[in-house]
Amino acid sequence: KRCLSAAKLFAMSISAPIAPATHFPDELHEVLEYAFEQARLDDSGNVADYIPELAKANPDHFGLAVATAHGRLYQFGDAEKRFTIQSVSKAFTYCLALEVAGRATVLRRVGVEPSGDAFNAIEFDPRTRRPYNPMVNAGAITVAALLHNHLGAGAFDFLLDRLSRAAGRQLDVDDSVFRSESTTGHRNRAIAHLLRSTGALDGDPDEVADAYFRQCSIAVDTRDLALIAATLANAGRQPMSGVRAASESTVRDVLSVMATCGMYDG
């Protein structure tokens, strides 16, 4: 969930065709290979179980991928095993909301301050009654509502198209995870209803919550995430295809919020 924050570390560059990193036995490849070999021996921790379907994940899967704004892709291990994007989607959805609704409208609904609270805290800024930032669930649900309000039934297709551009291939939804989230996501539904009561969210809270669940259920692999990160690092232009997936001005805002709020209470 935190890998997109690495996007800000890469310098912006002109697009270049992506080639497998194995063709470039350079220092970065060696460092990443070493890091992969060291990390794959660590079998501590547990798979996520706050959504029942996620608890079925194979804990032995481990992949590493890095894509640069220059167009090089490095991958190791299970980098092509698919999983759902979950909270990584928040950064890109915020970018699109800024583009569609405009900065002033978005800032009236969602702040840009670090919260100090857990990602799923039911907590708003006491002065403004807004979610603290778009990286916590309350802020991300508000952003999903803004897209839904401005684009109606086409909001999800718009998001999926833009994320697919950034990944460099057509993405889709893991329906089993979506159904699992929709059935058990009572806390996020409660957040949506509370947002409706404060005026931060317009429309049907349950429809907005389902739009958020569907957004989080987009299926990706580790290479996709690396290329989405590289697209943000490259000012919104996908480094392999040269296709623009987001505007440069909104990407600048998103990277700033990722740097200050993207690690939640970390």
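A few points about this structure:
- GNM on the chain, alpha-carbon springs under 10 angstrom: the most fluctuating residue among 228, 218, 51 is 51.
- Of the solvent-accessible surface of region 188-266, computed with a 1.4 Å probe over protein heavy atoms with every protein chain present, carbon and sulfur atoms account for 50 percent.
- Computed lengthening from residue 193 to residue 219, 0.36 nm per intervening residue step minus Cα-Cα distance: 6.7 nm
- When both region 195-211 and region 94-153 are represented by their alpha-carbon centers, they are found 12 Å apart.
- Heavy-atom accessible area for residue 89, with the other protein chains in place and a 1.4 Å probe, reaches approximately 0 Å².
- Hz values of 3J(HN,Hα) by residue in region 84-96 - Karplus curve (6.51, -1.76, 1.60), Gly and Pro given as x: 8, 5, 6, 6, 4, 5, 4, 5, 6, 5, 4, 4, 6
- Shape summary: region 135-206 maps onto an equivalent ellipsoid whose semi-axes, from the alpha-carbon gyration tensor, are 23, 16, 10 Å in decreasing order.
- When the alpha carbon gyration tensor of region 62-147 is reduced to an equivalent ellipsoid, its three semi-axes come out at 30, 16, 11 angstrom, largest first.
- Per residue, in Å², the accessible surface of region 155-266 once ligands and nucleic acids are set aside, probe 1.4 Å: 38
- Region 236-245 - phi-based ³J(HN,Hα) in whole Hz, Karplus 6.51/-1.76/1.60, Gly and Pro as x: x, 9, 5, x, 8, 8, x, 6, 7, 10
- Estimated FRET transfer efficiency (residue 38, residue 61; beta-carbon r; R0 22 Å; 0.05): 0.80
- The alpha carbon convex hull volume per residue for region 109-266 rounds to 114 Å³.
- Paramagnetic reach from residue 82 (point 7 Å along Cα→Cβ, amide N under 12 Å) across region 158-174: 170-174
- Value of [θ]222 nm, deg cm²/dmol, for the chain, DSSP H segments ≥ 4, -39500 (n - 2.57) each, nearest 500: -14500 deg cm²/dmol
- Rounded to 10°, Cα long-axis angle of helix 27-39 versus longest principal axis of the chain: 70
- Cα pair count fraction exceeding 30 Å, expressed as % - the chain: 26
- The alpha carbons of region 98-172 stretch over 40, 23, 18 Å along the principal axes, in descending order.
- Label sites at residue 263 and residue 46, each approximated as a point 7 angstrom past Cα along Cα to Cβ, lie 2.5 nm apart.
- Principal-axis tilt of helix 137-151 within the chain, Cα atoms, nearest 10 degrees: 80
- Against the rule of thumb 2.2 N^0.38 Å, how large the Cα Rg of region 206-266 comes out: 1.30
- For region 52-109: span of alpha carbons on each principal axis (Å, largest first): 45, 39, 12
The values are calculated or read from the model by the stated rules, or taken from the named source; none is laboratory data. Small disclaimer: the values here were computed from a predicted structure and weren't measured. Cβ: placed from backbone, ideal geometry, glycine included. Neighbour counts: every protein chain shown. Keep in mind that these areas ignore ligands, DNA and RNA; they rest on the heavy atoms of the full protein, side chains included. Shrake-Rupley method; radii C 1.70, N 1.55, O 1.52, S 1.80 Å.
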